[in-house]
Amino acid sequence: MSPAHPPAIFVLGPTASGKTAVAMALAERLPVEAISVDSAQVYMDMNIGTAKPNAAMLAACPHYLIDVITPEESYSAARFRADALRLMADITARGRVPVLAGGTMLYFKALREGLSDLPAADPELRREIEEEARRHGWPALHVQLARLDPDTAARLKPTDAQRIQRALEVVRLTGAPLAASLARRSPEPLPYRVIALALVPSQRSALHERIARRFDAMLAAGLVDELAMLRRKYRLDAALPSMRCVGYRQAWDYLEGRSDRTALRETGIAATRQLAKRQLTWLRAMALPTLDCLRPDLAAAAYEHVARELGR
């Protein structure tokens, strides 16, 4: 990207790697405003399990794309891209620098590379697929997908409701496998000079310890009570994207009596570790400049990297 383009800072990393802390440290010394790149923080009233910035952080540095929709609604990579580009333009127009921090790697990919030519969601078709799933179960629909699009089905678990639903929707709408639509990508260059930084742990076990401590803190802060409140306030079911978020999915099982407190903790930590593993896989493929998220001077090192790239 040309140096004439305005800068934008990307801070990527797995869960519990300190992305928000780095963004806050940058805000102390640079004229930045933050955009959350987190598919869970978009939901209103889901605060504890999504590790949203607290009131003091929000007062010190504006954060956008937090509390955008209710847990009854869905958010997409396409909507994120449109929202993020609009906000980045607004921030730049104010003479400030957008810093995009988060762990939803698909959103970063959509922003940097544009979007594939996938058909828009069809609410009626989705309801039909969901009704089939209620009658026969998602594994049965996975078998159906294997007949129509074996390559996509081979990459998905039989219980991956969200992705099975979308793949079936695309196949039924287009008459072709998902890969055919994914291949039709519209190149949309990002009009920013991206300064990217990936926070990667030098020791996976240390990140796992952080994850366990953070999940314990969420439980102590009232994650289960928060979910109980959400179920009273909104019309929710376990298949909604919001309720498939790590932590909430396990708390749902607990409230339904399918697990006890010990199992809630164990499955929640395990699911968060799996999420971190997937995020790190994405990061390796992106080949970005990295910092060890475990180093004690992480904030200072991140600032030095960004300041050097900004020419300060």
*Scope segment 228-270; condition modelled with pLDDT of 95 or more and among the acidic types (Asp, Glu); matching residues*: Asp253, Glu256, Asp260, Glu266
_What's the number of the only condition in (1) modelled with pLDDT of 95 or more; (2) closer than 25 Å to Glu72 by Cβ that Arg273 fails to meet?_
(2)
*Restrict the check to segment 153-164 and report whether at least one residue is surrounded by 15 or more Cβ atoms within 10 Å (Cβ to Cβ), more than 22 Å from the chain's Cα centre (by Cα), modelled with pLDDT of 90 or more and closer than 30 Å to Arg96 by Cβ.*
no
*Of Ala133, Ala110, which residue is surrounded by 15 or more Cβ atoms within 10 Å (Cβ to Cβ), modelled with pLDDT under 95 and within 22 Å of Leu197 (Cβ to Cβ)?*
Ala110
*Going through segment 36-50 one residue at a time, which ones are of a type in the set (Val, Ile, Thr), touching a Phe, Trp or Tyr at 6+ places or on another chain (Cβ under 6 Å) and assigned to a loop (DSSP other than H, G, I, E, B)?*
Val42
*For segment 194-228, which residues satisfy the criterion of being touching a Lys or Arg at 6+ places or on another chain (Cβ under 9 Å), in a helix (DSSP H, G or I) and either of a type in the set (A, V, I, L, M) or not assigned by TED's automatic domain parsing to the domain that holds Ala285 (or both)?*
Leu207, Ile211, Ala212, Leu219, Val224
*Before we move on, is Val99 at pLDDT 95 or above, over 23 Å from Ala238 (Cβ atoms) and of a type in the set (Val, Ile, Thr)?*
yes
*Within segment 43-80, how many residues are crowded, with 21+ Cβ neighbours inside 10 Å and either free of Cβ contacts under 8 Å to residues at least 24 places away in the same chain or more than 21 Å from Ala217 (Cα to Cα) (or both)?*
4
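The values are calculated or read from the model by the stated rules, or taken from the named source; none is laboratory data. For clarity, every value in this text was computed on a predicted model and none was experimentally measured. Cβ: placed from backbone, ideal geometry, glycine included. Neighbour counts: every protein chain shown.
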